[in-house]
Structure formats: structure tokens, C-alpha cells
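Undergrad: I have a structure here, written as C-alpha cells, and I will follow up with some questions on it.
The values are calculated or read from the model by the stated rules, or taken from the named source; none is laboratory data. A quick note: this is a predicted structure, and the numbers were derived from the prediction, not measured. Glycine gets a Cβ as well: all are built from the backbone with ideal geometry, and neighbour counts include every protein chain shown. Side chains are part of the model used for accessible areas, which takes the heavy atoms of the whole protein and leaves out ligands, DNA and RNA. Shrake-Rupley method; radii C 1.70, N 1.55, O 1.52, S 1.80 Å.
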Amino acid sequence: QVQLVESGGGLVQAGGSLRLSCAASGRMLSINRMDWYRQAPGKQRELVASITSDGSTVYADSVKGRFIISRDNAKNTVYLEMNSLKPEDTDVYYCRAIVRFAVAGPEYQYWGQGTQVTVSS
């Protein structure tokens, strides 16, 4: 079983910064990709940023230039540095990990419990 534990959410004023962390634990062979998603009530969950095991990154257009995703492979942890925050960034942020338990085996996805980010104007 793989568990993802998120931390770092909270309340911040517009223009401020927050750093989210997500630590994965469990018996797995590898974590191929780690993502941050966000979801507002009544809306679909959307991808914010993604990072592969070799450090390749992808960002949603709405956060490019403001958010930075990074990971520490030794700690199985992914971070999301969020700068120049806007009220429209207010959402619940979820971490996702794509893992393998065996070489050439199938990939499985696991989600964190979510952490609330609120940006006041």
C-alpha cells in the first residue's frame, strides 16, 4: 500500500507564497511521475504541474512562471512552490503519484488527501 501525505496549505494574501509538500511511503519499486492537481467545489480536478523521475516538468498555462514543481527522489517527496498567488488559485490541492511495484509491471496511481489553499484579495 502506498500513502501520500500532503502538507503546507493555508491562508495567504494575494501576491504571497506557499510551499506544498507531498511525501510518499510504502513498498514500491519506483515513482515514475508525481503530479499536483487542484479542484474547486463542483468543478473537475485539473492538473497544475507534473514532474517525472528524471526531472521533466509540465505546467498548466494558468500557473506558468508562478509555480515551481520539484522532487527529492531520495525522500520520495514532491514540492510545489507557489508564488504571486491570486484569489483564483484558491482550491483544494491534491498530490498524485504514478508508481510501479515491479520492473516492466503496470503503473498504479495513488492520491493524497488534499490540502486547502485559500488566497484572499
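Undergrad: Restricting to the stretch 7-17, what's the tally of residues that are out of contact with any Phe, Trp or Tyr (no Cβ under 7 Å at 6 or more places or on another chain) and open to solvent by less than 50 Å² (accessible area, probe 1.4 Å)?
TA: Qualifying residue count, the stretch 7-17: 4.
Undergrad: If you go through the stretch 58-73 one residue at a time, do you hit one that is open to solvent by 60 Å² or more (accessible area, probe 1.4 Å) and under 11 Å from the mean Cα position of the chain (by Cα)?
TA: yes
Undergrad: Out of S70, S62, which single residue is at pLDDT 95 or above, in contact with a helix residue (DSSP H, G or I) (Cβ under 9 Å, 6 or more places away or on another chain) and not aliphatic (A, V, I, L, M)?
TA: Answer to the check: S62.
Undergrad: Just give me the residues in the stretch 1-17 being part of a strand (DSSP E or B) and on the phi > 0 side of the Ramachandran plot, in sequence order.
TA: Passing the criteria: only G10.
Undergrad: Answer yes if at least one residue in the stretch 19-36 is in contact (Cβ under 8 Å) with a residue 24 or more places away in the chain, of a type in the set (S, T, N, Q) and within 22 Å of S121 (Cβ to Cβ), and no otherwise.
TA: Within the stretch 19-36, not a single residue is in contact (Cβ under 8 Å) with a residue 24 or more places away in the chain, of a type in the set (S, T, N, Q) and within 22 Å of S121 (Cβ to Cβ).
Undergrad: Looking only at the stretch 47-82, how many residues end up being part of a strand (DSSP E or B) and not charged (D, E, K, R)?
TA: The total comes to 18.
Undergrad: So in the stretch 83-121, with the set limited to residues that are part of a strand (DSSP E or B), under 11 Å from the mean Cα position of the chain (by Cα) and of a type outside the set (V, I, T), which one is nearest to R27 (Cα to Cα)?
TA: Looking at residues that are part of a strand (DSSP E or B), under 11 Å from the mean Cα position of the chain (by Cα) and of a type outside the set (V, I, T), I get A97.
Undergrad: In contact (Cβ under 8 Å) with a residue 24 or more places away in the chain and in contact with a strand residue (DSSP E or B) (Cβ under 9 Å, 6 or more places away or on another chain): which single residue out of A40, A60 fits that description?
TA: A40
Undergrad: Go through the stretch 13-49 and give me each residue that's modelled with pLDDT of 95 or more and of a type in the set (S, T, Y).
TA: Answer for the stretch 13-49, where residues must be modelled with pLDDT of 95 or more and of a type in the set (S, T, Y): S17, S21, S25, Y37.
Undergrad: So which residues in the stretch 18-46 are open to solvent by less than 60 Å² (accessible area, probe 1.4 Å) and not in a strand (DSSP E or B), if there are any at all?
TA: The answer is G26, M28, A40.
Undergrad: Can I ask one more? May I ask you to verify whether V92 is within 22 Å of S121 (Cα to Cα) and open to solvent by less than 20 Å² (accessible area, probe 1.4 Å)?
TA: So V92 does not fit the description; no.
Undergrad: Test E81 against the stated conditions and say whether it is under 27 Å from K43 (Cβ atoms) and loosely packed, with under 12 Cβ neighbours inside 10 Å.
TA: The answer is no for E81.
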